[in-house]
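Each value in this text was obtained by applying a stated rule to the coordinates, not by laboratory testing. Model, not experiment: these values are computed from the prediction. Note that we place each Cβ from the backbone using ideal geometry, even for glycine, and neighbour counts take in every protein chain shown.
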Amino acid sequence: MSNKLTTAMAISLIIGLAVGYGISFVAPPLSQITTTITKTLSGGSAPPAATVTVTTTITQEGKPKTYKIGVTLPLSGELSSIGKMWQYVITIAFDDLNKNAQAYGLNVKFVPVILDDATQDEKALENVQTFAQQGIKVIIGPAASSQVKVVKSYADTNHIVIISPSSTAPTLAIPNDYIFRTVGTDALQAKALAALVAHEGIKKVVVFNRHDEYGMAFAQFFKKYFENDFGGQASLMSYTTGLSDYSAEVSSLSSKVQSFGAEAVVLISFDTDGANILSHASQDPVLSKVRWFSSEGIHGASELQDPSLASWLVQVKFLGTRPMQPHNVLYKEFVKEFKAKTGQEPPVFSANLYDAVQLAGWAILRAHQYDGSAIKAALPLVAKNYFGPSGWTLLDENGDKAVQDYAIWTIKQTSNGKYAFTDVGLYSGGSISLNIKS
């Protein structure tokens, strides 16, 4: 026999940092309540403290209410190296979300529904439509900005909340839509990368970028900052995406670098295409004599750790930028958990993905109903008071992460002779700091 006990209580929470990397934010909505409970979460520093009263109904017994959250991942295609690792992040994130909901006495369960979008725009749209047919109102992903652009109209029309952990194109920074992003836009990162290239004494570069929403916008912003703020010269050269091999494109790049007199190449790519480009470049005498820089798109690609390619990256003093994860206890514990499951460091945007799941779950609860419009309204309020592995998730007027610093990364040989992705510096507040010799 199962009885449902509905308790009416009003809970007032002092916002703080939860012990462990589980949660630190406004509590889920609780409704009609007669007993007031004040609870202080502790364990670190967080965004400004706030007292929040929220309402919902707690069902203490019986079958939990299930909420499905769609997850569209690049398990194949040009982001597959990262996408396959993100599956572990999803597992960790949903486990924590459910444990924390239970810790608050909520008889609910969040279930991920995962589909592969193959890093393709139309496949991402197909996935979103499939989720919609299942009644799903919140979707984590897609990863690429070109995919987000394609699904935007359908999501807006059908009131489906999209939370991308990795879409960074400035062209998608649009207010009042259903697109949210737990990472800063590339208008910020392009300036960080331009500052890094200038810091290294480079005056002339060729930007070799993907011909898509992400690559084209990044390249244009980089050129603007590099030329206007740092007095350099940048020649833009885009390449067609989705190819199985980029040897011909790299050959053209070599000619461009030589004719332009470039001192460096700035690569704006994803992981599999970027690794293929670098592998061909490592065999080119012209491209082996210039410096190489990159954005975050290739960070975490296992191909870059292959000794034959990694040693070349060391030779050309390869440096890149990527959205920085704060060195707080939450991120450290997240990394520890991820490494315990995989034996590897989490790839780029993993913490942003983890936090996207947390925001989705708690926004559903705060919304009082599984409705896209209500969840959209609740999400910024939850994000304002949530501090997770990726830091404070405060959103700007466009629904994008408002506070973002950038790590400077490279490939380094470790003590055991292997190669690893290593952060070697920071871009913060307009300043570059490096702890390696240029």
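What is the fewest-to-most order of TRP392, TRP86 by other Cβ atoms lying within 10 Å of their Cβ? Before the final figure, lay out the partial values.
Details: TRP392 20, TRP86 29.
Ascending Cβ contact count within 10 Å gives the list TRP392, TRP86.
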message = On the Cα set of the range 77-230, report Rg and Dmax in Å, please.
response = 18.3, 60
task = Using only Cα atoms, find the angle between the long axis of helix 121-133 and the longest principal axis of the chain, and express it within 0 to 90 degrees, rounded to the nearest 10.
result = 10 degrees
remark   = Expressed in angstrom and ordered largest first, the alpha-carbon extents of the range 150-231 along the principal axes are 49, 21, 19
ask   = Once the Cα atoms of helix 329-342 and of the chain are each reduced to a long axis, what angle between those two axes, in degrees from 0 to 90 to the nearest 10, is obtained?
value = 80 degrees
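Do you know the relative contact order of the range 375-438, to the nearest whole percent, from alpha carbon pairs under 8 angstrom that are 6+ apart? Walk me through the numbers on the way to the answer.
Numbers: 78 pairs, mean separation 11.9, N = 64.
Computed value for the range 375-438: 19 percent relative contact order.
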request  = Could you work out how far the C-alpha centroid of the range 98-167 sits from that of the range 373-388, in angstrom?
outcome  = 16 Å
ask   = Along the three principal axes, how long is the range 255-394 when you take its alpha carbons, biggest first, rounded to the nearest angstrom?
value = 62, 35, 22
note = Here D for the range 183-307, in µm²/s, from Stokes-Einstein with a Kirkwood Rh over Cα pairs at 4 °C and 1.567 mPa s, works out to 90 µm²/s
task = For the chain, find the longest principal axis of its Cα atoms and tell me its angle to the long axis of helix 350-366, 0 to 90°, nearest 10.
result = 30 degrees
note = Square roots of five times the C-alpha gyration tensor eigenvalues of the chain, ordered largest first and given in whole Å, equal 41, 22, 19
key: Alpha-carbon spread of the range 336-438, three principal axes, descending order, Å   = 54, 36, 17
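Could you give the alpha-carbon Rg of the range 77-155 over 2.2 N^0.38 Å, rounded to two decimals? If you can, show how the numbers build up before the last one.
On the way: Rg = 14.2 Å, N = 79, 2.2 N^0.38 = 11.6 Å.
The reported ratio for this selection is 1.23.
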task = Starting from the Cα of LYS336, step 7 Å along the direction of its Cβ; do the same at SER415; then give the gap between the two resulting points in nm.
result = 2.0 nm
